[in-house]
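One structure is given below, encoded as structure tokens.
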Amino acid sequence: MFEEQLVAVHRNYFGDIISFKTTSGRIISYQKALQEAENGQISGVNIQNGQDGNSSILVPETALSFNDWPDMY
């Protein structure tokens with residue numbers, strides 16, 4: 001099965017990532033990307049516990065954060 005990867009981000013006014021672009025060109029929300037990563041449909045990211053201990057966050061496998069990733073727009 002082909003696993004997509006995340007290639008670009010879109011941030012809101014506060015700098016929070018709200019969506020991603022995938023290798024196939026799909027634009028998906030942060031939550032959808034998290035769900036697909038949990039299901040093994042998206043590779044190249046790891047899932048970690050959030051600072052509050054209850055939520056999960058995405059982190060790239062090959063970088064410390066998404067800060068250097070290109071913006072979609």
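Of all residue pairs spaced 6 or more apart or on separate chains, those with beta-carbon atoms under 8 Å, a first member in region 1-18 that is under 15 Å from E38 (Cα atoms) and a second member that is modelled with pLDDT of 95 or more and among the aromatic types (F, W, Y) are L6/F20. The single condition among (1) in a loop (DSSP other than H, G, I, E, B); (2) surrounded by 10 or more Cβ atoms within 10 Å (Cβ to Cβ) that N54 does not meet is (2). Every condition in (1) loosely packed, with under 10 Cβ neighbours inside 10 Å; (2) not in a loop (DSSP other than H, G, I, E, B) holds for S19 except the one numbered (1). Taking each residue of region 51-71 that is of a type in the set (S, T, N, Q) and looking for partners that are part of a loop (DSSP other than H, G, I, E, B) with beta-carbon atoms closer than 9 Å, six or more apart or interchain, yields S56/G50; T62/G44. Residues that are under 15 Å from D16 (Cβ atoms) and touching a residue at least 24 places away in the same chain (Cβ under 8 Å) within region 27-50 comprise Y30, A33, L34, listed in sequence order. From the list Q31, Q5, the lone residue that is surrounded by 10 or more Cβ atoms within 10 Å (Cβ to Cβ) and assigned to a strand (DSSP E or B) is Q5. Checking each residue in region 34-45 for being surrounded by 11 or more Cβ atoms within 10 Å (Cβ to Cβ) and either more than 13 Å from the chain's Cα centre (by Cα) or not in a helix (DSSP H, G or I) (or both) picks out Q41, I42, S43, G44, V45.
The values are calculated or read from the model by the stated rules, or taken from the named source; none is laboratory data. Source: prediction; values computed, not measured. Heads up, the Cβs are rebuilt from the backbone with ideal geometry, glycines too, and the neighbour counts pull from every protein chain shown.
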